[in-house]
Amino acid sequence: MKYDFNNCTELLKLCKKYNLPISQIAVKREMELFNKTKPQVRDKMKQIRDAMWDAIQKGIKSTEKSKYGITGGDAKKIYEGTKNMGNLLHSKVAVRAMAYAIATNEQNARMGRIVAFPTAGGAGIIPGVLFSTWEHMKSSKRRMLRALFTASAIGVAILEKGGTISAARGGCQAEVGVGAAMAAAGVTEMRGGTPEQCINAAALALKNCLGLACDPLGGLVEVPCVKRNAIYVNVAIGASDLSLLGIESYVPMDEVADAMMNIADNMWQGIRETALGGLAITPTGIKIREKMGLKPLPKKFHLKTCKDCNKCRL
Ligand code: SF4
């Protein structure tokens, strides 16, 4: 295959060889791989784009809570906050991106329709960052599509390199971390960045998500997931800004992807989507388990506090 790539280094080589942006390599790869025409490939991505926008629009209007009442209504609150920025420190683009990310994840928690891009738990970052920037730039729909193709190419490169988007395998760095990397690359291309700058933005984002635990309360993709998507929107935006300002990741993207897998291999099972560690076993997490009628947490997984240990002299 002419346009196939197994990592970001090969992706970049293809961009240079054919003098094309990442988005166009992604389109050509898809055409080649699935024997599709360009309009067919673009139409599929348009469906994805429209479904993302639909989830955002529903999410920013709804105050409905999720089944156990632990998330819901925050997207509306944040979105309304963008109408009067008052003394907020962030830019309007970033605050609106957080509202859109939460809107998507709240819809997911309500069993609404979302696009799992790259996964359901990390579904808010890419639409949040891209749609908010797109509105800010008053950009064309075509540019939005290109950004989505660029984001998808980064996800493909990570997977082809032997990476993962599974939290059960690699914790939240594999869901929210990869989502942030994909968003960083996509938004960088949307802003006119070169392929190098897009991949560098992805590296800056993923590098700073390494080791992120997956520890959802009660195993529900709600806490910390919904707000975590909002927070990591800022990682993607920051990485894109840094990259466009000429700040380079000292560790290249493919090595960052390998580092993620090294951490995944050494990650304790309790923080790999089992809800047996981290935030999931805090007293608040235990209350959610009880509310859901789940089996009590095995004793060996109980949270140890300073009082239980008392070995240190601090
Ligand atoms: S904490 Fe776990 S379930 Fe929640 S977004 Fe992260 S990886 Fe997904």
* Structure fact -> Matching residues in region 224-238 (within 12 Å of the chain's Cα centre (by Cα) and either more than 16 Å from Ala101 (Cβ to Cβ) or within 12 Å of the ligand (Cβ to nearest atom) (or both)) number 8
* Structure fact -> Among Ser66, Ser23, the single one that is in contact with a helix residue (DSSP H, G or I) (Cβ under 9 Å, 6 or more places away or on another chain), in a loop (DSSP other than H, G, I, E, B) and of a type in the set (S, T, N, Q) is Ser66
* To do: For region 208-224, indicate whether the set of residues that are on the phi > 0 side of the Ramachandran plot, in a helix (DSSP H, G or I), touching a Lys or Arg at 6+ places or on another chain (Cβ under 9 Å) and surrounded by fewer than 24 Cβ atoms within 10 Å (Cβ to Cβ) is non-empty.
  => yes
* Structure fact -> Gly163 fails exactly one of (1) more than 16 Å from the ligand (Cβ to nearest atom); (2) not in a helix (DSSP H, G or I), namely (1)
* Filter region 259-314 for residues that are of a type in the set (D, E, K, R) and either within 30 Å of the chain's Cα centre (by Cα) or assigned to a helix (DSSP H, G or I) (or both) and give the result. => Asp265, Arg272, Glu273, Lys287, Arg289, Glu290, Lys291, Lys299, Lys300, Lys307, Asp308
* **Subset tally (residues that are surrounded by 19 or more Cβ atoms within 10 Å (Cβ to Cβ) and small (Gly, Ala, Ser)) for region 67-87** => 2
* To do: Pick out the one residue from Lys227, Lys161, Lys207 that is more than 16 Å from Asn105 (Cβ to Cβ) and either in contact (Cβ under 8 Å) with a residue 60 or more places away in the chain or among the acidic types (Asp, Glu) (or both).
  => Lys161
* In the list Thr82, Thr63, Thr9, Thr37, which residue meets the criterion of being within 30 Å of Glu290 (Cα to Cα) and of a type in the set (Val, Ile, Thr)? -> Thr63
* Structure fact -> Counting only residues in region 88-132 that are crowded, with 22+ Cβ neighbours inside 10 Å and not in a helix (DSSP H, G or I), the one nearest to the ligand (Cβ to nearest atom) is identified as Gly121
* Asked: Here are Ala184, Ala180, Ala151: which of them is within 14 Å of the ligand (Cβ to nearest atom), out of contact with any strand residue (DSSP E or B) (no Cβ under 7 Å at 6 or more places or on another chain) and either at pLDDT 95 or above or of a type outside the set (Gly, Ala, Ser) (or both)?
  -> Ala180
* Asked: Can you find a residue in region 189-201 that is touching a Phe, Trp or Tyr at 6+ places or on another chain (Cβ under 6 Å), modelled with pLDDT of 95 or more and either in a helix (DSSP H, G or I) or not basic (Lys, Arg) (or both)?
  -> no
* Residues (within 12 Å of the ligand (Cβ to nearest atom) and small (Gly, Ala, Ser)) located in region 205-223 -> Ala213, Gly218, Gly219
* To do: Working only within region 38-64, note down all residues that are hydrophobic (A, V, I, L, M, F, W, C) and in contact with a Gly (Cβ under 9 Å, 6 or more places away or on another chain).
  => Ala55, Ile56
* Asked: Looking only at residues in region 239-279 that are within 16 Å of the ligand (Cβ to nearest atom) and charged (D, E, K, R), which one is surrounded by the most Cβ atoms within 10 Å (Cβ to Cβ)?
  -> Glu273
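The values are calculated or read from the model by the stated rules, or taken from the named source; none is laboratory data. This one's a predicted model, so the numbers in the text were calculated from it and none came from an experiment. With ideal geometry, Cβ positions are generated from the backbone for all residues, glycine too; neighbour counts draw on all protein chains shown.
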